[in-house]
Number of protein chains: 2
Amino acid sequence: MSFKVLSSTVAAAVDKELMSTVGFSIDQLMELAGLSVAQAVYKTYPPSTHNKVLVICGPGNNGGDGLVASRHLKLFGYTPTVYYPKHKSSNVLFNNLLTQLKTFKIDVLQNELSNSELKSLINENDQIIDAIFGFSFHPPLRSPFDTIIEHLKQVETSKPITCVDCPTGWDVDKGPNIADLVDAKYILNPSSLVSLTAPKPGSKFFKGNYHYLGGRFISKEMAQKWDIDIPNYPGVDQVVRLNI
Amino acid sequence: MSFKVLSSTVAAAVDKELMSTVGFSIDQLMELAGLSVAQAVYKTYPPSTHNKVLVICGPGNNGGDGLVASRHLKLFGYTPTVYYPKHKSSNVLFNNLLTQLKTFKIDVLQNELSNSELKSLINENDQIIDAIFGFSFHPPLRSPFDTIIEHLKQVETSKPITCVDCPTGWDVDKGPNIADLVDAKYILNPSSLVSLTAPKPGSKFFKGNYHYLGGRFISKEMAQKWDIDIPNYPGVDQVVRLNI
């Protein structure tokens, strides 16, 4: 299916407009974005077959989406474990999202893991969510996320991996263009991708089976203004599959 | 179906805990509550048959849930009109929710309507949402909401009415106990009710066809602590029907 894309620069401008003239708070947008990630995961890898889910969260808003998704996944019947090695403790929203996870008795690992610990953690989960970096990421990957992606690459053909907005390590606009990057070992090929608001240019290179759009909070008028395609979401769903 | 209820006093304590030790912001809770109301309406009176929906919003959090629901209803394909005669302009969140509705090109009527204007407004819509007062309401009803309920009563057998958390005018704990109230003309009998977090005692007297529970944000541990029944929500739904 062909679809219009939103470059990282335009995506940043849309985000800014949503949180200024449109009047959304980041709490609202992150709640809806995280919920859409959890719904996409449920549709693709349900708790009956993929109960144990490892959610790897980065330090910014992509990680925040992952924290929200983890709470909804728990409510949907999953057993999530969150790995969150670079928590910004000065951010009130992220602190609150963490408090919520603790109340929901979700395991959150905040200390950096050794290679063997990381390997075990990945192996003992049925599926993985990459909520490390989103549309504001620029290569190269830095520690500890480079090592995390290296480990995920080793299981990418055997274990479902869902990436939030953009596979971590890819250039948001150019995709998995390794000429610009350090090494092919950081180029993840996930089985599922949840684009938020609109697909980013890099997602044209996505070869996995499941490509969803989430973040159902754009008005028709705003979509026209920014030249965003909004496909028909089914019913009350917060995600719509793009590649069927 | 029998279900445990939450008195207005306990509901207030649960709300307080959600927004303190559990770490939720009111933006998050209202977003999820409003989304659950919109989902319940979609399941009961879909846009294909009941497209024009009048959402009557009170000055407090119940009204805020209605404002959020209106935005989601628009995204679900409805044509909502909001009647919001007592807006607290000092409240940043409510101001932002209103800004969102304007961006979504949703008509918001903020001036008090005359009786004939109100009658016309009700008549030209296919269904109505009562988001006037919730669990912190105590009778009697004051202007202009007394007149609004009088008008809604006149169409209650001919037009679908969905009440948020508690039918406005009912005593939250005693229900439609008219001995405590001014007049039976303020006792609405809606066709649908969306209880939030847990049903309130008054909802035992609800005789309509559709009783939903929404507000899917309570952990198992918190439910145990407060003796709240959490039925099995189907899949990723934000509402579950109680009276089937």
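Every number in this text was worked out from the coordinates using simple rules, so none of it is lab data. Small disclaimer: the values here were computed from a predicted structure and weren't measured. All Cβ positions, glycine included, derive from the backbone under ideal geometry; neighbour counts span all protein chains shown.
Remarks
- Helical runs assigned H by DSSP (4 residues or longer) give the protein assembly as shown a calculated mean residue ellipticity at 222 nm of -10500 deg cm²/dmol, each run adding -39500 (n - 2.57) before division by the residue total.
- Centroid-to-centroid separation of segment A:190-244 and segment B:82-121 [C-alpha atoms, Å]: 31
- Footprinting exposure proxy ranking of B:S158, B:S219, A:S70, B:S143, fewest other C-beta atoms within 10 angstrom first, gives B:S158, B:S143, B:S219, A:S70.
- Residue and whole-Å distance for the chain B Cβ lying nearest the axis of the B-onto-A rotation are B:D27, 2.
- Model label points for A:K119 and A:N91, set 7 angstrom from Cα along the Cα-to-Cβ axis, are 3.1 nm apart.
- Paramagnetic reach from A:A184 (point 7 Å along Cα→Cβ, amide N under 13 Å) across segment A:142-178: A:177-178
- Under-5 Å amide H pairs with A:G175, H placed in peptide plane, nonlocal only: A:G202
- Charging the Cβ of each Asp and Glu at -1 and of each Lys and Arg at +1, and nothing else, the dipole of chain A about its Cα centre rounds to 300 debye.
- At q = 0.12, 0.16, 0.18, 0.20 Å⁻¹, base-10 log of I(q)/I(0) for segment A:62-206 (Debye sum, equal scatterers on each alpha carbon): -0.48, -0.87, -1.11, -1.36
- Label zone at B:N243 (point 7 Å along Cα-to-Cβ), backbone N below 11 Å, segment B:1-35: B:1
- Taking all C-alpha pairs of chain B, those more than 22 Å from each other amount to 49 percent.
- Taking the DSSP bridge list for segment A:133-244 and keeping only pairs wholly inside it, about 30 percent are antiparallel.
- Value of relative contact order over segment B:1-74, rounded to a whole percent, pairs C-alpha under 8 Å and six or more apart: 34
- Percent antiparallel among DSSP beta bridges (both partners in segment A:8-241, rounded to 5): 15
- Look at the alpha carbon pairs under 8 Å that are at least 6 residues apart: their mean separation over the length of segment A:8-241 gives a relative contact order of 19 percent.
- Percent RCO, i.e. relative contact order, over segment A:120-244, from Cα pairs under 8 Å lying at least 6 residues apart: 21
- Sorted from closest to farthest, the other copies place their A:E112 label points 6.5 nm away, with each point set 7 Å from Cα along Cα→Cβ.
- Contour excess over end-to-end distance, with Cα ends at B:T79 and B:K174 and 0.36 nm allotted per residue: 30.7 nm
- Distance distribution note for segment B:19-134: the fraction of Cα pairs above 19 angstrom is 42%.
- Percent antiparallel among DSSP beta bridges (both partners in segment A:1-135, rounded to 5): 0
- Segment A:39-53 - phi-based ³J(HN,Hα) in whole Hz, Karplus 6.51/-1.76/1.60, Gly and Pro as x: 5, 4, 4, 4, 5, 8, 10, x, x, 5, 10, 9, 5, 8, 10
- When Rg and Dmax are taken over the Cα atoms of segment B:142-218, they come to 12.3, 37 Å.
- Placing a pseudo-label 7 Å from each Cα along the Cα-to-Cβ vector at B:S136 and B:I26 gives an inter-label distance of 0.7 nm.
- The protein assembly as shown, dipole about Cα centre (Lys/Arg Cβ +1, Asp/Glu Cβ -1), debye to the nearest 20: 440
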